[in-house]
Each structure stands twice: as structure tokens, then as C-alpha cells.
Amino acid sequence: MSAAPQPSVTVRVPAKVNVQLAVGGRRPDSFHDLANVFFAVALGDEVTATPADDLRITVSGPDADQVPLDGSNLAARAARLLAEHHGLRPDVHLHIAKDIPVAGGMAGGSADGAAALVACDALWGTGTSQDVLLELAAELGSDVPFALLGGVALGLGRGEILRPLPVGGTFHWVFAVADGGLSTPAVFRECDRLRDEAGHGSDTASVPDPQADPELLRALADGDPAALAAALANDLQPAALSLRPALAATLRAGADGGAIGTLVSGSGPTCAFLAKDAESAVSVAEALAASGTCRSVRVTHGPVPGAAVTTGG
């Protein structure tokens, strides 16, 4: 313990969109190998860690009532995991200021877990290396390591094995938030069901190993929105649309409003729209808001860095 405890530490952490989500076959352990191109956007949550007599979670912001306050919360699990690693008690109050849609396919819960790791490490002065934080993050969930890293990265395995990718510029995004969430495990099960129903099979012997699309990686490196729009892909999109058919109308509304690329974000139900520039993003957002096909609309950009201390620490 090198540093004295801080009065409080606040960490900001970004949401993500998967610009490519290639899903392999169902493994014997029921997981799927992925080729998952994560892209961090400026929409984010803030997690504030303050010393306390025990572990406590509070939440504010949109849909705060949908966020668990018990030990299942990823931020709580992160605090316990880091404390256990260093032989400490997880005595901390974590306040989560939500701005990432809850259960929306943008890894909001995973982002909070990553932010809690960084905030508690700074609060407790434990000086954990980035490599160890990434290992702990991978124990928490497949999307948690990327929230630590940010930027753009290729995730392999279950998504937790990360390789940062070069990006040649800023891309402008619009997100349409749906009513209610979608369960990620349910979407993967539906993906398997649809593959079986189509006669292709859903296990690893039937589905090719997932690979990153070279054209998509080139578009990112070149900073070319049109080329990226043409390469956007999500193997979970048919399953999300099967479980939530109304999302098709949202995708059409965004395309009709001028988006150059559309896709369901991750396991959904948030829909992501790539715009050619900042001005076009505003127009797309206005069209989506007027369409009546979504609950709310957010305009943002990226890529942005991962979880970082903003105050304290």
C-alpha cells in the first residue's frame, strides 16, 4: 500500500458498439468463439468510489431502477475481486451514474465493472498493473476487458482476448434506445436455434471459425465512414430481430433518415447508425426521434479511451 486512501475517486467509462460481431458455433461448454470488433463511443457512465463500512451500490440516471443493487452487480463483483486479490475487505460505496442504456447491447454493466476496478484500485492505492486489471476484468465477463482498454480492438475467444486496432479518424454515431432490454444468453440461444432451423447446424463442427473482416479493418484504419458502413456486420442481428421484430422498423427509420450504415448493437435491442459526418448524425437522430420507433435517441462519436479517473486518485 503506497498511497493514502482518497476521499473519493470518480472514473468515466465508455459504452461500446460492435462494428463486427462474428459468432462461431456453440462449444461443448455452451459458449461461442467470437471475432468481435469493439468500438468505444463517447456515451458513458461514471462510477464514484468512496470509503465505507461495507460494500454498497447506489445508482442514478436513466433506468436506474433496472440496475441490480445486490452482489450480482458487476461493479460490486469487481470491488470484491480486486479486494480479494490484494487481501483487503471490499469496504466501499460505489455510486453509478448511468448514461449507457441498461440491457441495451452496449455493455453498460461491463463498463461499470471495469470502472469499479479502476476506481477501487485508485481509492485503495493498490497500484494494480494494467495486465492484472485485464486478467481480473476477464474473470468478470467477456466485455469487461475492452471497457478498460477503449479505443477500437479485436476481441477473440469469448471476446476477452484483445488486440488494439488502428483507426484513422473520428466516426459519428446515432443510437436508438428501445423499450425494455434483451437477454444476451437468450439472443445467443436464438442464434443457435435459427441456425439449426435453417439446416446449417449450430455447433463448432457446423459453423466456420469466426474471422475479422479485412475490409472492415481497412475502413477503420483509413477513417473511411462509407467503407465502414458497407462492412458493418452482426451475426446476432437475425436473432435479436426474431425476438424483437419491432427493431426492423427502427433500422428502416434510421436508413430512411440518412444513416449510411445500420445494425443492432451487440445482442440488442439498441440500434446503431453510422452517419457520414457530425451534421448528418443530427439529421439521422431527428428522423429517428420523429419516427416513433424508439424510446430515445443519442448522438455521439468515437473512438474514445477506456475507463479513466476523472477526479480523485
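The values are calculated or read from the model by the stated rules, or taken from the named source; none is laboratory data. In this text the structure is predicted, and so the values were computed from the model without any measurement. Every residue, glycine among them, receives a Cβ derived from its backbone with ideal geometry; neighbour counts consider all protein chains shown.
Can you tell me which residue is nearest to Ser110 (Cα to Cα) among those in segment 63-83 that are polar (S, T, N, Q) and without any contact (Cβ under 8 Å) to a residue 60 or more places away in the chain?
It comes out as Asn73.
Scan segment 252-284 for residues that are closer than 13 Å to Trp173 by Cβ and not in a loop (DSSP other than H, G, I, E, B) and report the count.
14
When the residues of segment 84-105 are narrowed to those that are among the charged types (D, E, K, R) and under 16 Å from the mean Cα position of the chain (by Cα), which ends up surrounded by the fewest Cβ atoms within 10 Å (Cβ to Cβ)?
Checking each candidate, the answer is Asp99.
Going by what's in this entry, would Gly159 be described as modelled with pLDDT under 95, crowded, with 22+ Cβ neighbours inside 10 Å, assigned by TED's automatic domain parsing to the domain that holds Gly24 and at positive phi?
Considered against the rule, which asks whether it is modelled with pLDDT under 95, crowded, with 22+ Cβ neighbours inside 10 Å, assigned by TED's automatic domain parsing to the domain that holds Gly24 and at positive phi, Gly159 comes out as yes.
Go through segment 45-56 residue by residue and tally those that are within 21 Å of the chain's Cα centre (by Cα) and buried (at least 23 other Cβ atoms within 10 Å of the Cβ).
Total meeting the criteria: 2.
Can you go through Val41, Val9, Val23 and tell me which one is at negative phi, out of contact with any Gly (no Cβ under 9 Å at 6 or more places or on another chain) and modelled with pLDDT of 95 or more?
Val23
I'd like the residue in segment 279-312 that is farther than 10 Å from Gly257 by Cβ, in contact (Cβ under 8 Å) with a residue 12 or more places away in the chain and over 22 Å from the mean Cα position of the chain (by Cα) and, out of all such residues, is surrounded by the fewest Cβ atoms within 10 Å (Cβ to Cβ).
Restricting to residues being farther than 10 Å from Gly257 by Cβ, in contact (Cβ under 8 Å) with a residue 12 or more places away in the chain and over 22 Å from the mean Cα position of the chain (by Cα), the top hit is Thr311.
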